[in-house]
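Quick notes on the structure that follows.
The numbers here are math on the coordinates, done by the rules we state, and not lab data. Every value quoted in this text rests on a predicted model; they were computed, and no experiment measured them.
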Amino acid sequence: MEDMKDTENTEVQQKIQQLRERVDAVDRDLIRALNERASIVQEIASIKSEAGVPIFDPRREEEILQRVADYNEGPIYDASMREIFGLILHRIRDLEIQRGEFYS
């Protein structure tokens, strides 16, 4: 009986480990995607700065957040996904503030 329990425990641990490895891979993809997004936004900010166009566009930000909710298929709630992306937008905007390129 003890051997059976050990086998089940080992199988459970293996399944958990496999799922954790998948989570780690998704985390790496998210990090790459967020950095790519930040780089693209920096390019846009540079172009806007050179053109003398305000970098921050609250309408564009709301469009992004609405699209996030529209694309969201769950299980994360739309409101939570909007909060997550709101934070992402804010932190990427912080990069522009640090570079001195943010103005409204």
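Using only Cα positions of the chain, each an equal point scatterer, no hydration layer, compute I(q)/I(0) via Debye at q = 0.17, 0.21, 0.23 Å⁻¹ and quote the log10 values to two decimals.
Log10 of I(q)/I(0), two decimals: -0.89, -1.14, -1.24.
What is the helix-to-structure angle for 78-99, meaning the angle in degrees between its Cα long axis and the longest Cα principal axis of the chain, kept from 0 to 90 and rounded to the nearest 10?
Orientation of helix 78-99: about 50 degrees from the principal axis.
For Cα pairs less than 8 Å apart in space and 6+ apart in sequence, what is the mean separation divided by the residue count of the chain, i.e. the relative contact order in percent?
About 29 percent, as a whole number.
Using Cα atoms only, what is the angle between the long axis of helix 2-51 and the major principal axis of the chain, expressed in degrees (0 to 90) to the nearest 10?
The helix 2-51 is inclined about 10 degrees to the chain.
Between the helical axis of 58-71 and the dominant principal axis of the chain, each derived from Cα atoms, what acute angle in degrees is found, rounded to the nearest 10?
For helix 58-71, the angle is close to 30 degrees.
Pull out the extension gain between residue 18 and residue 43, defined as 0.36 nm times the separation in residues minus the alpha carbon to alpha carbon distance; nm, one decimal.
5.2 nm
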